[in-house]
1. Among 69-81, 375-387, 242-254, 52-64, how do they line up from the highest to the lowest mean number of other beta-carbon atoms within 10 Å?
2. Report, largest value first, the span of the C-alpha coordinates of segment 197-237 along each principal axis, in whole Å.
3. List the lysines whose Cα sits under 30 Å from the Cα of Lys124, skipping any in the same chain fewer than 8 residues away.
4. Between Lys118 and Lys223, what is the label-point separation in nm under the 7 Å Cα-to-beta-carbon projection?
5. Between Val59 and Arg105, what length in nm is gained on full extension when 0.36 nm per residue of separation is reduced by their alpha carbon distance?
6. Determine the distance separating the Cα centre of segment 246-267 from the Cα centre of segment 360-407; give it in Å without decimals.
7. Could you calculate the contour length gain from Lys180 to Ser135, that is, 0.36 nm times the residue separation minus the distance between their Cα atoms, to one decimal place in nm?
8. With the calculation restricted to Cα positions, what are the radius of gyration and Dmax of segment 299-397 in angstrom?
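Values in this text are rule-based calculations from the coordinates and carry no lab data. Just so we're clear, the structure is a prediction, and the values are computed from it rather than from any experiment. So basically every Cβ, Gly included, is an ideal-geometry build from the backbone, and we count neighbours across all protein chains shown.
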Amino acid sequence: MNAFKKYISLVSLTVLLSSCGGGGGTSSSSSSTYQDAYVLDERISSYVSSTYSTGNYGVFYHEGISYGFYRANGNKKGAFADFLPFSHPFGETLGGSIFNLDDLRDLDSITISYRTGKDNGKDKPTLYYGASDFSSSVDLEYAREGNVFSFAFPSNTHYFKLESGDSLLKVISMSCNKSKEKRPAQKLTPKNANEGQFRASPKPYEGTLIDGQSKQSVPVKVKVVDGHYEVLESKEYTYYSFDYVAAHPEVKKDAAMIDPMDVANYYALFRTFPANYAINEDEIINPVKMIFRDDTRVVSTYSRTDGYVRFVPTKMNNGRPLYHEFDIALNEEYSNHSRGVGRVVAFETGFEKDSYGNGSQVVSVFTDDHYSTFQEFNNLGSFMPRFGAELRAVNTIWSEPTLVEPR
């Protein structure tokens with residue numbers, strides 16, 4: 001018996017002998033129910049590539065089943081993959097995860113051999129599961145020295161997702177154990193991301209833009225009551241062109257937009273790029289780098305109809321949308337040569353919905369994972385919950401929030 005088969009035998013024995021625990025421990029199942037297992041281990045580590053230091057995103061197929069992976073790095077040293085914790089200064093983030101996209105109609109239980117990067121914290125690794133969503137969950141313990149976690153799913157479980165939490169989660173192997181019984185098929189049913197959320201129409205600046213003089217305040221904190229919002233806190237933005245900043249470098253700190261909220265607000269107000277943004281061509285971006293240095297950012301403009309634009313109700317203009325991608329540096333590794341995974345995408349042609357003026361209003365979304373998920377800006381100082389874009393890392397889809405007016 002080779003080492004791998006010996007390991008699987010020990011894992012199966014652990015599952016069979018473990019005690020039932022619906023809330024977070026090990027669980028059991030009768031040995032007569034097992035046929036086989038879907039196993040993810042070091043032999044298929046290459047499925048999870050290593051492109052971004054912040055983790056990688058994608059889908060792979062193994063033994064007839066498709067899996068999504070998120071903020072993951074393949075591990076060549078006796079393990080399946082590392083699932084990364086991730087944080088940046090601009091809001092809440094998701095940890096790395098692995099999840100099935102095809103229906104596992106015979107999913108009985110799971111056994112996970114793993115290690116964590118630390119011994120304690122506030123957000124443990126979590127196993128989510130459900131019949132058609134990830135609505136139930138159970139925590140795994142921190143285990144820097146390693147642990148084997150076993151859990152018997154409720155009888156109608158078809159989908160699972162393992163997420164890292166606030167610590168590195170090194171998965172040595174996962175065994176998704178099969179039952180002899182195949183249950184009726186269930187589709188993975190997404191939820192509406194913006195249900196119960198509010199947005200306001202952006203209020204663009206009116207008049208000719210004058211450097212240092214064109215100013216406008218927008219809400220950054222509000223209270224919503226009966227379809228109206230009361231401004232509790234506001235922020236003022238001032239228009240600056242790059243030529244003006246080059247001639248008056250003392251204003252460059254005020255002119256640089258690096259926070260996703262500031263970028264979204266600035267573009268919605270002035271309908272032009274912040275002065276620290278430039279197209280990534282040497283003759284254009286190098287003068288900007290001379291002034292703004294580490295605050296220099298890249299902007300790109302597209303009118304493609306494929307990719308992530310398929311996941312929002314983009315307004316078409318002569319059959320095509322128009323949108324701008326503003327880079328957001330999520331850590332100190334950012335440069336115009338290594339642009340990372342953060343973007344604000346401003347849809348110039350807006351969304352084809354009545355409450356969005358049927359395309360007359362610019363709409364911005366933020367992604368911190370290279371278009372895997374988006375969060376729509378509400379023009380009230382925050383970004384709404386994540387929805388799935390090019391990858392179903394979250395089981396939510398874009399939905400229309402409630403439009404509110406100022407009081």
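1. Result, highest mean first: 375-387, 69-81, 52-64, 242-254.
2. If we take the Cα atoms of segment 197-237, the spans are 37, 17, 13 Å.
3. The qualifying lysines are Lys5, Lys6, Lys76, Lys77, Lys161, Lys170, Lys178, Lys187, Lys191.
4. 3.6 nm
5. 14.6 nm
6. 23 Å
7. This chain segment gains 13.7 nm when fully extended.
8. 13.4, 41
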